[in-house]
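What follows is a set of notes on a single structure, which appears directly below.
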Amino acid sequence: MVTMPEVIRSVVARVRVFFNDRRQSPRLPVSLPFNVSIHRDGELNGSKKRTQTLKGYTRDMGQKGVALLVPQVHLDGYHLAAGGRELNIELELYRGKFISMRVAPRRYERLEEAESGCTYLIGARIVNMTDEDRSRYQVFLTEHLKRAPKLSNSSQDEDKASLELLK
C-alpha cells in the first residue's frame, strides 16, 4: 500500500528534476550488487548486536553519490532514508571484489515499477571511504565513463523526454 507521504515524496522528486538537477558530476548508469546495513558509531553498554543487511543494486554512481535500489525501505527496525542515519555499503565493483563506503541518504522514493526486484530508490551522498577503496571506486568510474560517455547523460535525456510529454 502506498502512503500519502510516499506519493508526495515521489511527486516532489519528479518535479525537482524539471527545475533543478543538482547532480554536478557525471553519472554512470550501472547495476552492481551491494549489501547495506545501518551505520552504528557505538553500541550501548558495549553490547554488539548482530548487523542485519539487505541486498540491493545500484542504479547509477558518480564521484559524490550513488543511487541505490532496495526491495524494502526498513531494516533492523529503522527506516533506511529517514532520521539522518548513515548507511554502510559493501559494493561489489568486480566479481568477488568489494569496496566499503558510508553514505548519507538524501532522498528516497517508491518506484511505480520494480527494477531488479527492488521497489525503492534511495539517492545517497558518499561521506566516507578508505583511501584505497576511493581510489578503486574512482578508477572504476573513470574507466567505465570513458567507454560509455553517452550513457552518463541518459537520465538527463529521459528527463528531457518526460518534460516534452508534459508540454
Around residue 33 (Cβ within 15 Å, Cβ-to-Cβ, excluding residue 33; K/R +1, D/E -1) the net charge comes to 0
Please work out whether region 51-127 counts as rounded, prolate or oblate from its C-alpha gyration tensor, where a ≥ b ≥ c are the square roots of the eigenvalues and a/c under 1.5 means rounded, while otherwise a/b larger than b/c means prolate and anything else oblate? rounded
In whole Hz, the Karplus estimates of ³J(HN,Hα) for region 115-129 (6.51, -1.76, 1.60; θ = phi - 60°; x where Gly or Pro) are 10, 6, x, 10, 10, 10, 10, 10, x, 9, 9, 6, 10, 7, 8
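FYI, it's all coordinate maths here, none of it is from the lab. Fair warning: this is a prediction, and the values are worked out from it, not measured in the lab. Note that each Cβ is placed from the backbone with ideal geometry, even for glycine, and that neighbours are counted across all protein chains shown.
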